[in-house]
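Participant: Below is the structure I would like to discuss, written out as structure tokens.
The values are calculated or read from the model by the stated rules, or taken from the named source; none is laboratory data. Small disclaimer: the values here were computed from a predicted structure and weren't measured. Glycine also receives a Cβ, built like all others from the backbone with ideal geometry; neighbour counts cover every protein chain displayed. For the accessible areas, the whole protein counts, side chains as well, though only heavy atoms, and no ligand, DNA or RNA atoms are used. Shrake-Rupley method; radii C 1.70, N 1.55, O 1.52, S 1.80 Å.
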Amino acid sequence: MTDFLNTPVGVLALTVAQTLALLVPVLIAVAYLTWAERKVLAAMQMRKGPNVVGPFGLLQPFADALKMLMKETIIPSGASRLLFMAAPMLTFMLAMLAWAVIPVNDGWAIADINVGVLYLFAISSLGVYGIIIAGWASNSKYAFLGALRSAAQMVSYEVSIGFVIVTVLLCVGSLNLTEVVRAQENLWFFIPLFPMFVIFFISALAETNRAPFDLPEGESELVAGFFVEYSSMSFALFFLGEYANMILMSALTTILFLGGWYPPLHMEPFTWIPGPVWFALKIALVLFFFLWVRATFPRYRYDQLMRLGWKVFLPFSLLWLVLTAGFLKITGLLPA
Amino acid sequence: MIAALAFYVFAAVLVASAVMVVTSRNPVHSVLYLILAFFNAAALFLLAGAEFLAMILVIVYVGAVAVLFLFVVMMLDIDFSQLREGFQRYAPFGAVVGGILFLELLLVLGAWNFAPDAGDLRLAPVPEGVSNTEALGRLIYTDYIFLFQAAGLILLVAMIGAIVLTLRDKPAHSRRQDIGAQIARTSILSMQSPAPGQGITRESILRPLPPEPKEKPKPVAHDGHGHGGHH
């Protein structure tokens with residue numbers, strides 16, 4: 001068996017198996033995130049939410065998926081056909097690609113590379129292409145405006161996300177995601193770096209185009225923004241990609257600030273629960289915050305969004321970075 | 001074997017997409033090919049063992065620079081026939097410049113002398129046990145810190161220049177938001193929390209009530225006109 005796993009075919013088979021073992025739960029989580037979002041929003045607005053298909057509406061996501069598959073895929077006559085079809089695939093693919101480096105437990109990552117943080121940052125910064133290409137290829141004013149907004153927004157908030165990540169890396173001394181989590185064994189980073197945690201969470205909302213920063217798809221002014229012209233499965237891919245990105249950003253928040261797979265206290269009842277379950281629970285907590293924010297806040301105005309990114313988050317995160325570096329240097333806590 | 005195969009695939013795609021950047025008719029397609037070229041260059045860096053440079057190439061060039069590129073090119077109003085006309089006129093000139101550059105490169109490479117131990121250094125650019133990122137950081141921030149700072153300063157000057165060129169005073173009548181002043185206002189309204197199912201009564205609204213209409217508006221007299229269609 002071990003001999004087989006060392007051959008190229010064996011390595012390939014093992015990687016495929018690992019990928020499936022990770023992606024199938026992620027996709028199921030995406031399906032149930034759409035259900036959870038409707039349930040949470042409904043509860044916060046004193047409604048019932050989906051409750052007809054299956055017990056507690058639990059089969060609703062599958063009914064929705066089936067409906068999407070049955071619809072006709074419409075390509076607008078003025079559209080650039082190839083790019084129009086490629087954009088949703090790109091969005092979905094990038095959302096899946098990033099999961100390769102996420103450590104679910106100590107040593108449980110498909111690719112435990114030593115620039116894992118940078119890889120995630122690179123993949124998340126590519127997410128904007130799906131949106132821009134969709135907006136341009138649709139050959140529609142609304143879609144194009146949505147794409148332009150999204151490009152400006154994502155590029156702006158990446159800057160502050162970058163500074164937050166650098167601050168965390170200063171405290172870790174490694175770019176490897178497993179090392180980042182191991183450094184938090186005794187103290188989760190959201191306690192000493194609380195302001196950065198808040199900035200990261202808000203920037204993650206902007207990066208995933210979620211409310212209150214969902215201007216690229218603001219239905220009151222742009223109909224549906226960059227995916228106005230999409231229908232059927234191509235629309236579903238955008239939708240799945242957006243939710244997979246939400247889960248990914250929550251996973252990144254968990255890894256950077258909430259101690260990854262570690263239990264809150266290293267003692268009896270907490271240590272009974274295995275690491276991956278803690279990891280999933282923490283992701284679910286962050287996702288609940290995503291939904292809570294959507295139920296609570298109205299959409300930002302565009303100039304306020306830009307002001308927040310460039311004039312508040314950028315100077316503040318830069319200042320905090322310098323403070324952290326200075327503090328670590330003076331106290332001699334700087335990791336070697 | 002697999003590494004060599006990967007190298008040739010990435011290199012071939014890189015060269016092909018670089019050619020397409022220049023030859024494709026639609027400028028948006030050109031930028032997309034440029035992005036593909038960046039991507040393959042990053043893959044080549046990875047194969048060479050420079051994973052930090054590969055990731056930085058993707059983050060900076062693909063994730064930020066090319067986005068802005070695409071942003072601008074998409075908004076250009078381009079006349080394609082005029083573009084092709086220009087291509088015909090400038091093609092010989094471009095070919096001459098390209099040819100000279102190529103010749104110069106050949107001359108440089110032909111006259112290049114490698115130090116006897118350079119080959120071994122090239123095969124293992126990073127010493128054992130030191131990661132790529134660490135080695136690069138040591139080089140940039142310790143050995144060449146002043147050059148690095150100078151490069152940063154030059155970029156800063158360029159940025160300030162761009163801001164100075166585009167910043168102009170807003171006309172006096174433009175109304176701007178002062179968020180601090182807006183938040184500091186005291187509200188004349190207050191929040192009500194009525195019991196569920198009760199709703200808010202007229203009395204619980206603190207806003208002054210709208211004045212009662214003095215008299216009922218007179219019903220409009222029917223004047224027999226405006227029924228159009230029948231005569």
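Results for (1) within 22 Å of residue A:321 (Cβ to Cβ); (2) charged (D, E, K, R); (3) open to solvent by less than 10 Å² (accessible area, probe 1.4 Å); (4) in a helix (DSSP H, G or I), shown as yes or no for each residue.
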| site | (1), (2), (3), (4) |
| --- | --- |
| A:167 | yes, no, yes, yes |
| A:175 | yes, no, no, no |
| A:184 | yes, no, yes, no |
| A:213 | no, no, yes, no |
| A:216 | no, no, yes, yes |
| A:221 | no, yes, no, yes |
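Participant: With the structure loaded, tell me whether residue A:162 is surrounded by 24 or more Cβ atoms within 10 Å (Cβ to Cβ) and assigned to a helix (DSSP H, G or I) or whether it fails that test.
Facilitator: No.
Participant: Considering each of A:93, A:154 in turn, give the residue that is more than 10 Å from every other protein chain (Cβ to nearest Cβ) and in a helix (DSSP H, G or I).
Facilitator: That would be A:93, the only listed residue that is more than 10 Å from every other protein chain (Cβ to nearest Cβ) and in a helix (DSSP H, G or I).
Participant: Could you count how many residues in segment A:67-95 are hydrophobic (A, V, I, L, M, F, W, C) and open to solvent by 100 Å² or more (accessible area, probe 1.4 Å)?
Facilitator: Matching residues across segment A:67-95 total 5.
Participant: Among the residues in segment A:15-35, are any part of a helix (DSSP H, G or I), within 14 Å of chain B (Cβ to nearest Cβ) and either among the polar types (S, T, N, Q) or open to solvent by less than 40 Å² (accessible area, probe 1.4 Å) (or both)?
Facilitator: So far as segment A:15-35 goes, yes, one or more of its residues are part of a helix (DSSP H, G or I), within 14 Å of chain B (Cβ to nearest Cβ) and either among the polar types (S, T, N, Q) or open to solvent by less than 40 Å² (accessible area, probe 1.4 Å) (or both).
Participant: For segment B:167-200, enumerate the residues that are open to solvent by less than 100 Å² (accessible area, probe 1.4 Å) and part of a helix (DSSP H, G or I).
Facilitator: B:179, B:180, B:181, B:182, B:184
Participant: Mind counting the residues in segment B:77-100 that are at pLDDT 85 or above and either open to solvent by 100 Å² or more (accessible area, probe 1.4 Å) or of a type in the set (D, E, K, R) (or both)?
Facilitator: So the answer is 1.
Participant: Being farther than 21 Å from residue A:129 by Cα, in contact (Cβ under 8 Å) with a residue 12 or more places away in the chain, more than 11 Å from chain A (Cβ to nearest Cβ) and assigned to a helix (DSSP H, G or I) is true for just one of B:6, B:18. Which residue is that?
Facilitator: Going through B:6, B:18 in turn, just one is farther than 21 Å from residue A:129 by Cα, in contact (Cβ under 8 Å) with a residue 12 or more places away in the chain, more than 11 Å from chain A (Cβ to nearest Cβ) and assigned to a helix (DSSP H, G or I): B:6.
Participant: Residues in segment A:259-292 that are of a type in the set (A, V, I, L, M, F, W, C) and over 15 Å from the mean Cα position of the chain (by Cα): how many?
Facilitator: 10
Participant: Do any residues in segment A:297-314 that are more than 12 Å from chain B (Cβ to nearest Cβ) have Cβ atoms under 9 Å from those of residues that are open to solvent by 60 Å² or more (accessible area, probe 1.4 Å), where the two are at least six apart or on different chains, and which pairs are they?
Facilitator: Between residues of segment A:297-314 that are more than 12 Å from chain B (Cβ to nearest Cβ) and residues that are open to solvent by 60 Å² or more (accessible area, probe 1.4 Å), the close pairs are A:299/A:220.
Per-residue answers, yes or no, for (1) open to solvent by less than 60 Å² (accessible area, probe 1.4 Å); (2) at pLDDT 90 or above; (3) not in a helix (DSSP H, G or I):
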residue	(1), (2), (3)
A:237	yes, no, no
A:273	no, no, yes
A:283	yes, yes, no
A:310	no, no, no
A:335	yes, no, yes
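Participant: Working carefully through the options A:134, A:109, A:143, A:98, find the one that is among the aliphatic types (A, V, I, L, M), more than 9 Å from chain B (Cβ to nearest Cβ), assigned to a loop (DSSP other than H, G, I, E, B) and crowded, with 20+ Cβ neighbours inside 10 Å.
Facilitator: Being among the aliphatic types (A, V, I, L, M), more than 9 Å from chain B (Cβ to nearest Cβ), assigned to a loop (DSSP other than H, G, I, E, B) and crowded, with 20+ Cβ neighbours inside 10 Å holds for just one of A:134, A:109, A:143, A:98, which is A:109.
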